[in-house]
Amino acid sequence: MDSTLPGAASTIRRRRRLNTRIKDALRDLSVQMALLNHRVGTHLGLRDADLECLDLVSRFGPIGPTALSRHAGLHPATLTGVLDRLERGGWVVRTPNPSDRRAVLVQVIKERETETAEMFAGLNKSMDVICADYDDAELVLIADFLSRAARAGREATDELADR
């Protein structure tokens, strides 16, 4: 009988438990972030999709509506409604695209970004405290893991969109 089997089986079980723990933590994080975003949106008078698009415009803008639609995973007609609400609320402005006169770019109104940032100040402060517990090498590893996990999420989303 091979004496390495019990150790190998133990290693496989331990690895499976760790993977499950990570997946469970990511699911919990996803739920908590969705709840926080919903609460922030409620305070700001924004729907969930509006807040998500506002964040995307803030991160990638100025951005064209087609590119924003792809990032948000929204149908262009749905995005038009979101942008109309954000523009009426004074959150974004649509300006002519200097490289294509027929197109527009969407950008966040900077003065309103402060309101959104204030709503996330508690989370940002807590994240700074958490990050302080890790050295630079660990933070690089964590950042890489989270980036790869986000990419996996985008790929899974894209796969579902193609069905």
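Charge dipole (Cα centre; +1 on Lys/Arg Cβ, -1 on Asp/Glu Cβ; no other charges) of the stretch 1-151 amounts to roughly 660 debye.
Lys and Arg at +1, Asp and Glu at -1: add these up for the other residues within a Cβ distance under 11 Å of residue 35 and post the number. Within the 11 Å Cβ shell, the charges total -1.
Specify whether the C-alpha gyration tensor of the stretch 73-163 places it in the rounded, prolate or oblate class, a ≥ b ≥ c being the square roots of the eigenvalues: rounded for a/c under 1.5, otherwise prolate if a/b is larger than b/c and oblate if not. Oblate.
Rounded to the nearest 500, the helix-only mean residue ellipticity at 222 nm of the chain stands at -25500 deg cm²/dmol, with each DSSP H run of n ≥ 4 adding -39,500 (n - 2.57). Residues whose amide H lies under 5 Å from that of residue 92, counting only those 5 or more places away or on a different chain, are 87, 109; hydrogens are built 1.01 Å from N in the peptide plane. Taking a Cβ cut-off of under 15 Å around residue 121, the surrounding Lys, Arg, Asp and Glu residues balance to a net charge of -2, with basic ones at +1 and acidic ones at -1. Between the amide H of residue 104 and those of 97, distances stay under 5 Å, these residues lying 5 or more places away or on another chain, with hydrogens modeled in the peptide plane.
For the chain, what relative contact order do you get, as a whole percent, if you take Cα pairs closer than 8 Å and at least 6 residues apart? After rounding, I find 16 percent.
Using +1 at the C-beta of Lys and Arg and -1 at the C-beta of Asp and Glu, which of 77, 25, 109 has the Cα lying farthest in the positive direction of the dipole of the chain? Going by the charge dipole, the pick is 77.
How many angstrom separate the Cα center of the stretch 67-99 from the Cα center of the stretch 128-155? Using only Cα atoms to place each centre, the spacing works out to 30 Å. For the stretch 75-163, which chymotrypsin sites (Phe, Trp or Tyr not before Pro) are both in a DSSP coil and crowded by at most 16 other Cβ atoms within 10 Å? Those satisfying the criteria are 120, 134. Between the labelled values [x] 16.2, 59; [y] 20.8, 76; [z] 48.6, 155, the entry that holds Rg and Dmax of the Cα atoms in Å as derived from this structure is [y].
No value in this document is a laboratory result; all are computed from the given coordinates. Note that the structure is a prediction, hence the values are computed from the model and not measured. Counting neighbours? That spans all protein chains shown, and the Cβs are built from the backbone with ideal geometry, glycine included.
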